[in-house]
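No value in this document is a laboratory result; all are computed from the given coordinates. Note that the coordinates shown come from a computational prediction; the quantities given were computed from them, not determined experimentally. Neighbour counts run over all protein chains shown; Cβ positions are idealised from the backbone, glycine included.
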Amino acid sequence: MRTMHGGCACGAIRYSCTAEPIFSLNCHCRDCQRESGGGFVPVLGVGKVGFALTQGTPRHFSVTADSGRQTTRVFCGDCGSPLYGLPSSAPELVTIRAGSLDDPSPFRPTQDIYTASAQPWDYMDPALPKALKLPER
């Protein structure tokens, strides 16, 4: 696995990740829509042990996710770029926002989740499996 690097739009926050991705998906829940300002958030799940903040101090806020559990959203306090999430339901994971990667081109979602909340104007790849909510782990 090559090391992935990412950060915010203004460059104040940087991170690196050496962990193999555990999952890659598009989340269509209302919380992700609000976070992204779009129809969904492309998410790459990785083990927390392979993830490191290398520059800056990001801001955090916690929300009750559609799953009913707390999740912490991490973003740049200067430019507002969403960076990653820390789900309380899986404290061993970091959910990287694919758009925050320096090279997001290798990201390949394997499913769409929370499709019950998807917006009618948001085109979903018909080839991807769909889940009305988050699959049980």
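Go through 5, 111, 62 and say which Cα lies farthest out towards the positive end of the charge dipole of the chain; charges sit on Cβ, +1 for Lys and Arg, -1 for Asp and Glu.
Of 5, 111, 62, it is 62.
How large is the dipole of the chain about the Cα centre if only Lys and Arg carry +1 and Asp and Glu carry -1, each at its Cβ, rounded to the nearest 20 debye? Don't skip to the end; give the middle numbers.
Numbers: 13 positive and 12 negative charges, 44 e Å.
Dipole size: approximately 220 debye.
Using a 10 Å Cβ count of at most 12 others and DSSP loop calls, identify the longest part of the chain lacking such chymotrypsin sites (Phe, Trp or Tyr not before Pro). Kindly include the intermediate steps, with their values, before the conclusion.
Details: sites that count: 121, 123.
Between exposed loop sites, the widest span is 1-120.
Just rank 124, 4, fewest to most, by other beta-carbon atoms within 10 angstrom.
Neighbour counts put them in this order, fewest first: 124, 4.
I'd like the Karplus ³J(HN,Hα) series for the stretch 114-119: coefficients 6.51, -1.76, 1.60, θ = phi - 60°, whole numbers in Hz, and an x wherever there's a Gly or Pro.
With the stated coefficients, the stretch 114-119 comes to 6, 5, 5, 9, 4, 7 Hz.
For the chain, what is the mean residue ellipticity at 222 nm derived from helices alone (per DSSP H run of n ≥ 4: -39500 (n - 2.57); sum divided by total residues; nearest 500 deg cm²/dmol)?
After summing the helix terms and dividing by residue count, I get -1500 deg cm²/dmol.
Which ordering of 27, 79 is given by a fewest-first count of other beta-carbon atoms within 10 Å?
79, 27
Could you check which residue among 113, 96, 22 shows the biggest mean-square fluctuation in a GNM of the chain with a 10 Å Cα cutoff?
Highest fluctuation among the options: 22.
In nm, what is the difference between 0.36 nm times the number of residues separating residue 90 and residue 59 and their Cα-Cα distance?
9.1 nm
Among (1) 25; (2) 46; (3) 11, which one is percent of Cα pairs over 28 Å apart computed from these coordinates?
Correct label, based on the coordinates given: (3).
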